[in-house]
Amino acid sequence: MTNLDLEEQAKIELVDNDTEQQLSSEQAELQHNNEQAEQLLNEKDTDRLIGWPQFLIFIGIYLGISFTIGIVVGIIGASNNIDIEQIFTGYQAGIIEFLVIMVALMFQKKIRRLVWESFSISPLKEMKTYGFMLGGFLIFYLTQYILIELVAIEDASQQPADLGFNNLSGFSLEYILFFVSIALLVPLYEEVLYRGVLHRFLEVRYNFWVGITISSLVFGLLHIGFPISATIMGIVMVVLFKMTKSIIPSILLHILWNTFAVIVWSTM
């Protein structure tokens, strides 16, 4: 081998070494960036994690505001001969509960952010979202038809009277307030409370199955007269939330169902 060949081979080896060093440097930098990204994600998850004390404080604030309003309304009602029971069980309760949950969220930044992260309009741009909502509506209808009409193990006939619908006289201001409360505000506050707060808290802290089970059971048990179908409704709402990655379709489906219920009551 001539000196020229040796020099050429040495140059090639030098270039190869430089290339290997450059690749190693790039790989090390890439690994470092990945580690930094993973660390940031972990920090974000930790920051989003809500502890039981914070959650219970939020529930305490929610119940405390409700109790305070109840006392004030009770005193005013007793002084003016107003039917207090109707206020706490009728459509007025829906308006009050909506205001209470909105105020309670103002006191808990992490929970407010947890709920806010659930709102996204992106799924509303996809046709499949409306297919999911239609499927959910049909499940609601079939469930209540089977459990209430066919099997008759549940009874929702008392609900219109409990909400004060039977006391309404035609199309009036009170009818409009009833519709706004039952068809709009109740779905909004229930989805925020049961899906946006309760389910999301349990899902982030534990897992999806813990969230869907507990939030749906609580939602069902609080609907006196039809707890089984209400529990199924809760499950459908969470599944819709999961599939669309947004609470907005669940809110819209809930609004659609409650609007349908009010229309049915109006034709009875």
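Sort out which residues of the range 86-136 are open to solvent by 50 Å² or more (accessible area, probe 1.4 Å), among the aliphatic types (A, V, I, L, M), within 18 Å of the chain's Cα centre (by Cα) and closer than 24 Å to residue 63 by Cα, and write them in order of number.
99, 102, 103, 106
Within the range 148-159, how many residues are touching a helix residue (DSSP H, G or I) at 6+ places or on another chain (Cβ under 7 Å) and either charged (D, E, K, R) or buried (at least 19 other Cβ atoms within 10 Å of the Cβ) (or both)?
Adding up the residues that qualify gives 2.
Looking at the range 74-86 only, could you name the residues that are at pLDDT below 80, hydrophobic (A, V, I, L, M, F, W, C) and part of a helix (DSSP H, G or I)? Please lay out each step first, then the result.
From the range 74-86, those at pLDDT below 80 are 74, 76-86; that's our starting set.
Checking which are hydrophobic (A, V, I, L, M, F, W, C) leaves us with 76, 78, 82, 84.
Residues satisfying the conditions are 76, 78, 84.
With 188, 177, 217, 184 as the choices, which residue is of a type in the set (A, V, I, L, M), within 13 Å of the chain's Cα centre (by Cα) and either assigned to a helix (DSSP H, G or I) or under 18 Å from residue 108 (Cα atoms) (or both)? Write out each step before concluding.
Numbers: 177 fails: within 13 Å of the chain's Cα centre (by Cα); 217 fails: within 13 Å of the chain's Cα centre (by Cα); 184 fails: within 13 Å of the chain's Cα centre (by Cα).
On inspection, the qualifying residue turns out to be 188.
Restricting the search to the range 160-173, which residues are assigned to a helix (DSSP H, G or I) and either open to solvent by less than 80 Å² (accessible area, probe 1.4 Å) or among the β-branched types (Val, Ile, Thr) (or both)?
Initially, the range 160-173 is screened for residues assigned to a helix (DSSP H, G or I), giving 160-162, 165-167, 173.
Scanning the range 160-173 gives 160, 161, 162, 165.
Being touching a residue at least 40 places away in the same chain (Cβ under 8 Å), over 27 Å from residue 126 (Cβ atoms), out of contact with any Cys (no Cβ under 8 Å at 6 or more places or on another chain) and open to solvent by less than 40 Å² (accessible area, probe 1.4 Å): is that true of residue 190 here?
On the way: touching a residue at least 40 places away in the same chain (Cβ under 8 Å): yes; over 27 Å from residue 126 (Cβ atoms): no; out of contact with any Cys (no Cβ under 8 Å at 6 or more places or on another chain): yes; open to solvent by less than 40 Å² (accessible area, probe 1.4 Å): yes.
So residue 190 does not fit the description; no.
The values are calculated or read from the model by the stated rules, or taken from the named source; none is laboratory data. Computed from a predicted structure; not experimentally measured. Cβ coordinates were reconstructed from backbone atoms using ideal geometry, including for glycine residues, and neighbour counts include every protein chain displayed. These accessible areas exclude ligands, DNA and RNA; they are computed on the full protein's heavy atoms, side chains included. Shrake-Rupley method; radii C 1.70, N 1.55, O 1.52, S 1.80 Å.
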